[in-house]
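What follows is a set of notes on a single structure, which appears directly below.
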Amino acid sequence: MLAAILVLCTLIILMTCKGASAGDDYSREVAAEIRNFLIADDWNFDFDEEKGIFRFGVNISGKLKHVNYFVPVHRDSYTVYAISPINADSDDSAAIREMAAFLSRANYGLRIGNFELDCDDGEIRFKVYTPCNDITPSREIVKASIVVPAMMFERYAPGILSVIFTGESADDAIKTCEDD
């Protein structure tokens, strides 16, 4: 009995963490609204009809140049992940700590979405979660959920890259990004 409870708890944790895939029971209506926005805005994208997952990329201003998107649609929500093509050095614990500190400072006060760092492989991404709970999101909501991550990478990429490539401190790197 205890083993069954542990297995059930593990499954619940796996489904709620790390952006679990959408699966067969995703909202076709929400997916259609996202698809309509992407088509109307002339984005090139792939959609996995079976899993309910959009994949595409976007070019951005600055040295990072490009971010990749992964958008799983769920039954009552969808999540937009914009993923940096450059990772922090996962073999350097000091570099991971500095990147974590930088992203934590970048996240402070953000109203829509947040940066995430996978400390195991160094992946850096920006996430926007959109609850839908029996409604279909408007075009404006879909647009914001897709455009904001690119804007955040444009703003914070100089700091991300300086922490990765020059070893700049999180404090100094965030000042560069936020001193307007």
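The values are calculated or read from the model by the stated rules, or taken from the named source; none is laboratory data. In this text, all values refer to a predicted model and were calculated from it rather than measured experimentally. Neighbour counts are summed over all protein chains in view; Cβ atoms, including those assigned to glycine, are modelled from backbone coordinates with ideal geometry.
So the values come out like this:
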{"quantity": "Count of residues meeting criterion [among the aromatic types (Phe, Trp, Tyr) and closer than 17 Å to residue 107 by Cα] in segment 130-180", "calculated": "2"}
{"quantity": "Of all residues in segment 41-64 being surrounded by fewer than 12 Cβ atoms within 10 Å (Cβ to Cβ) and touching a residue at least 12 places away in the same chain (Cβ under 8 Å), the one that is farthest from residue 149 (Cα to Cα)", "calculated": "50"}
{"quantity": "Test result for residue 106, farther than 22 Å from residue 142 by Cα, free of Cβ contacts under 8 Å to residues at least 24 places away in the same chain and aliphatic (A, V, I, L, M)", "calculated": "no"}
{"quantity": "Segment 120-134 - residue that is hydrophobic (A, V, I, L, M, F, W, C) and in contact with a Gly (Cβ under 8 Å, 6 or more places away or on another chain) and, of those, farthest from residue 164 (Cα to Cα)", "calculated": "128"}
{"quantity": "Test: residue in segment 53-76 that is within 14 Å of residue 130 (Cα to Cα) and charged (D, E, K, R)", "calculated": "yes"}
{"quantity": "Which numbered condition residue 86 misses (of (1) surrounded by 14 or more Cβ atoms within 10 Å (Cβ to Cβ); (2) in contact with a strand residue (DSSP E or B) (Cβ under 7 Å, 6 or more places away or on another chain))", "calculated": "(2)"}
{"quantity": "Checking residue 122 against (1) modelled with pLDDT of 95 or more; (2) loosely packed, with under 15 Cβ neighbours inside 10 Å, the condition it does not meet", "calculated": "(2)"}
{"quantity": "Filter result for the condition that a residue is closer than 16 Å to residue 96 by Cα and of a type in the set (A, V, I, L, M), over 124, 146", "calculated": "124"}
